[in-house]
Every structure is written in structure tokens, then in C-alpha cells.
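Since the structure comes first, as C-alpha cells, the remarks are kept for the end.
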Amino acid sequence: MSQTAGKQILKRELTRFFAMILASLLMALNIKTFVRTGGLYPGGATGLTILILRAAKLLLDVDIPYTIINVILNAIPVYIGFRFIGKKFTLYSCLMIVVTGLFTDFIPGYVITYDTLLISIFGGIVNGLAISLCLINDATSGGTDFIAIYLSEKKNMESWNLILGMNIVILCTAGLMFGWDKALYSIIFQYVSTQILHFAYRKYQHETLLIVTNKPDEVCAEIYKISHHGATILDGEGSYEHTSRPTVYSIVSKAEYHKVINRIREVDPDSFINSLQTEHMYGRFYHKRED
């Protein structure tokens, strides 16, 4: 390995490490500042952890550290991550889980507002940003994220309904024990968080490209170089001049979309590109393996 390559790897790993620390701090501050003040329940393992802590306090009058419950709940998802997703990916996720727990247990809480609607909206924004920061740097905040990635990449299954069902169980239990108003506000919190995540993290969103070009081979080569996705060259005919107009058909992730478009425009400035949002896709599609 060259010295330059070693420095690039070190820089990438340090970036991931500090991104996990920042994401952990954001998550912990969100829990102490918004979630606890509003009595809300985020989705996944975080929401279940908070529900267990509040139930223990209500029924047993016992204060249990956040870290202990959260680590226990993440044991099986972490195993799934090590076994099926990627070891380094899971190690950074474990760093996120443990550091978030420690921050949550030791940093003081600070009340910004008691308005539950404002708490639901801005808490959801911060939660979505923290999770997006993890995913962008090839890690996760733990819990259901491991399960969702596993089902999406390894089993080619739609995980939304399963995750939604788990969150519904958490919210219904919270509503029965602590009041339905908090459960309903938690839906707003989770919706806002999901929208931020959808906007910030686009790896699993796709765009269909139809490119009319006189340089189809060069265009296909650039698409593969950037995204490792193949393309199909279709024979077309211009309706006005009745000349050959090859059309390249391909699908790329939104994370790579703008880079692909820019390279196509460099290779063939006269190309005509039609981009369509891909709703459903079946068959083989390359996903970069988590390390």
C-alpha cells in the first residue's frame, strides 16, 4: 500500500470516527433536551429503551441507566450486523450505540421549550440529522436500522412494514401506559425524522436515466466507472432527420446521480438526458458492500 493511499484511508477512518461522536452527541442532546421534556418515543431501539426506562420508573420506582438497556436491546441487531452486513460497519455502529448511551446518562438535560408540538418538530429534525450522519458515514444508530439494511440488501425484502409495525407496538404500549397525547405527538416526531432522513440520505433511492447520445459506449463506460452499474444501449431513430439515435438506459442511485450526469455532459455535451424517479425495481442491482 502506498503512503498516499494509507493517508487517505486514515483520513476516511478518522472522519467516520468523529462523525460517529458528533452523531452520538446530537442523539443524546435530542433525548435529554427534546424527547424527555416532551415525553416522546422515537422509533426503534431508542424508543423501546425509553419506554422500558419510564415503565421501570412508574411500576418499580427504579432508575435504570439508558446505556444498559440500549446495549441489551441492540445485542441481536449487532450480531446480525457482524454476521451478514459488515464488521467495520458494525464496529462503528457499536461506537455510536455505546457513546450515545454514555452521553445520555452523563450530560445534563436542558429545557428549551415545553411546547410539545415544537418539541416534536425540532426533535424530529435533530433525530433525522443524527441518523443521516451515521448512514452517510457507513454506520447506523443501531436497532431496527441493522434489520432494515439486512432485509433490503440480503433478502431483497421491503422492510418498511416490519419497522412500522414495531413502532406501532411501541407507541400503542406507550399510549396505554402514559397517555395517548404523547404517543400521537411521537408520530409527528417520527414523521419529521423520516422526512429529514429521506432528504439527506439517498443511497437506496434511484433514478432511471434515458440518454440519447452519439457516444453510447463512452457514456456506458462513465456510468460503470462511477456507479458500477451496467447500461442497455437501445437502437433509436430520430423522427425529424431519420438518422440513428442510440439511447442508453440505466438506473443509478441518487447519491451518485449528479456525478453521473456531469460526466455524461462532459463526454457528450450534445446528449439529451431524461431522468425519472424509480419507484419500484426488480432484479439484480449492484449495491456497494458495507465493510
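The values are calculated or read from the model by the stated rules, or taken from the named source; none is laboratory data. Since we're looking at a predicted model, the values are computed, not measured. Ideal geometry is used to build each Cβ from the backbone, glycine not excepted, and the neighbour counts take in all protein chains shown.
Quick notes
- Selection count, segment 129-144, where residues are more than 10 Å from the chain's Cα centre (by Cα) and either part of a helix (DSSP H, G or I) or outside the structural domain of PRO42 (by TED's automatic domain parsing) (or both): 1
- Among the residues of segment 180-197, the ones that are free of Cβ contacts under 8 Å to residues at least 12 places away in the same chain and exposed (fewer than 13 other Cβ atoms within 10 Å of the Cβ) come to 1 in all.
- Taken together, LEU26, LEU58 contain a single residue that is under 22 Å from LEU135 (Cα atoms), assigned to a helix (DSSP H, G or I), in contact (Cβ under 8 Å) with a residue 40 or more places away in the chain and of a type outside the set (Asp, Glu), which is LEU26.
- Of the listed requirements (1) under 20 Å from TYR249 (Cα atoms); (2) modelled with pLDDT of 85 or more; (3) surrounded by fewer than 15 Cβ atoms within 10 Å (Cβ to Cβ), ILE211 misses just one: (3).
- Yes/no for VAL126 being crowded, with 19+ Cβ neighbours inside 10 Å and under 22 Å from the mean Cα position of the chain (by Cα): yes
- Put simply, of ARG83, ARG36 the only residue that is farther than 22 Å from ARG16 by Cα and part of a helix (DSSP H, G or I) is ARG36.
- Residue within segment 109-120 that is farther than 22 Å from LEU58 by Cβ, modelled with pLDDT under 90 and not basic (Lys, Arg) present: yes
- Considering residues of segment 134-148 that are farther than 17 Å from PHE103 by Cα, in contact (Cβ under 8 Å) with a residue 24 or more places away in the chain and not polar (S, T, N, Q) only, the residue surrounded by the fewest Cβ atoms within 10 Å (Cβ to Cβ): ILE136
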